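The values are calculated or read from the model by the stated rules, or taken from the named source; none is laboratory data. Just so it is clear, the model here is predicted, and its values are computed rather than measured. Here the Cβ positions follow ideal geometry from the backbone for every residue, glycine too, while neighbour counts run over all protein chains shown. Remember, those area values only see protein heavy atoms, side chains included, never the ligands or the DNA or RNA. Shrake-Rupley method; radii C 1.70, N 1.55, O 1.52, S 1.80 Å.
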Amino acid sequence: MTVRALPQTVLREATDRRLLDETIRQGRTTRAELADVTGYSRPTVSEAVRRLVEVGLLDATGLKETGRRGRVGTFYSLGARAGWVLALELDQSGVHARAADLAGHTLEEVRRPPTPPGDVDALVASVRAVVDEITGAEGPLRAVGVSVANPVDPVTHQTVPLAGTPFPEGLLSPTEMIGDLVSAPILVDNDVNLAALAEHRCGQAAGASSFAYVYVGAGLGVGLYIGDQLIRGAHGLAGEIGYLPGTSAATLAGDLASRGLARSDAPSNDVAAVVRALDRGDERILSVLAEAAGRAIISVAAVVDPELVLLGGPVGTHPALLPRVRDGLTFPGPLRLEHGTLGTEAALAGALQLAVEHARAAAVAG
């Protein structure tokens, strides 16, 4: 069998990306330290660092004594003009935006309250106002990550309309909303998938090759990792557990609505009212939620047997829910159930992570 060498451009981009990532991880470092930690030769590191400095992704930021007579090393860190990314979260609670540098460090945040349910024009105006208002760092805006409370087709990257969606006003394409305001790529994914991504990168699921993130909030959903891969499904509908068969209604989401958890003005759970009920120890509400979450978790566990299940979302993170769900689980095999560590920030953190990863890859590719 003939083994073909990778093109030099691919090898160069991989080297540059590894050194950029490692420099960001350390905060600042020298070429000698980069060679030691990556295993690359010093000439390879020197040439890659030269390229990264030339395009503004790294800056030389000072000198370091090497301990050798007459010699010093140069520190390098993320460039001041390396650029920035923008993360947007669009859901029933409003619009939340976060600007960050390529290290993921927050530069600015903007929040807007929810718009009237079903009012698409008001939502678009709110999103556009946020994008106009927020400012980032020096250098180019390199990527925009958008979290939406609707499924997203993994091929077309368009939101997928489903009957009874809890966020119908959010079905408009984010690219149509803000494409004329930004020149950077707009990366769109479902909020639950992005919450799972964030927990996998820097949260409770870090190091887990298979886990499920069960979201309980205005709607129900599951973000699923198998073999370190986020499973979106052929049409972006993997994890739409709200459409599982219900007991008192046609669907699991319908069960919650029929038992008094729904809003009167929108096809979604009344998150604020449910959280207040849990705060005051409402046993009926707690029982309804625990039963629904437990059925969803057992359904996932029986099909994919994940090593970890995380409970998240604005309702799922309530401290009263986790122990009740644990007590009610009847799955016969091992089942580790925990809260996500990123709380209600998980989806926005995932949108930011998506943008940062894309931005770094695109930046070294030129």
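Some observations on this one:
- Within segment 32-62, if we keep just the residues that are in a loop (DSSP other than H, G, I, E, B) and within 27 Å of Leu141 (Cα to Cα), the residue that is nearest to the chain's Cα centre (by Cα) turns out to be Leu57.
- Residue ID - nearest to Ser93 (Cα to Cα), chosen from residues in segment 315-331 that are open to solvent by 20 Å² or more (accessible area, probe 1.4 Å) and among the aliphatic types (A, V, I, L, M): Ala320
- A count restricted to segment 127-158 and to residues that are open to solvent by less than 10 Å² (accessible area, probe 1.4 Å) and touching a Ser or Thr at 6+ places or on another chain (Cβ under 8 Å) stands at 4.
- Every residue from segment 230-250 that is open to solvent by 40 Å² or more (accessible area, probe 1.4 Å) and in contact with a Gly (Cβ under 7 Å, 6 or more places away or on another chain): Glu240
- Of Asp36, Asp16, all but one fail to be surrounded by fewer than 21 Cβ atoms within 10 Å (Cβ to Cβ), modelled with pLDDT of 95 or more and either of a type in the set (D, E, K, R) or farther than 27 Å from Val144 by Cα (or both); the exception is Asp36.
- Top-ranked residue in segment 85-126 [being open to solvent by 50 Å² or more (accessible area, probe 1.4 Å) and in contact with a His (Cβ under 9 Å, 6 or more places away or on another chain); ranked as farthest from Arg28 (Cα to Cα)]: Arg112
- Hey, Ala80 touching a residue at least 24 places away in the same chain (Cβ under 8 Å) and part of a loop (DSSP other than H, G, I, E, B) or not: yes
- Considered as a group, the residues in segment 159-208 that are more than 17 Å from the chain's Cα centre (by Cα) and among the polar types (S, T, N, Q) include one that is most open to solvent (accessible area, probe 1.4 Å), and that residue is Ser183.
- Spans of helices (runs of 4 or more DSSP H) in segment 260-360 with at least 1 residues within 28 Å of Ala206 (Cβ to Cβ), over 21 Å from the mean Cα position of the chain (by Cα) and without any contact (Cβ under 8 Å) to a residue 60 or more places away in the chain: 271-279, 283-304, 321-328
- The residues of segment 209-229 that are buried (at least 19 other Cβ atoms within 10 Å of the Cβ) and assigned to a loop (DSSP other than H, G, I, E, B), listed by number, are Gly217, Ala218, Gly219.
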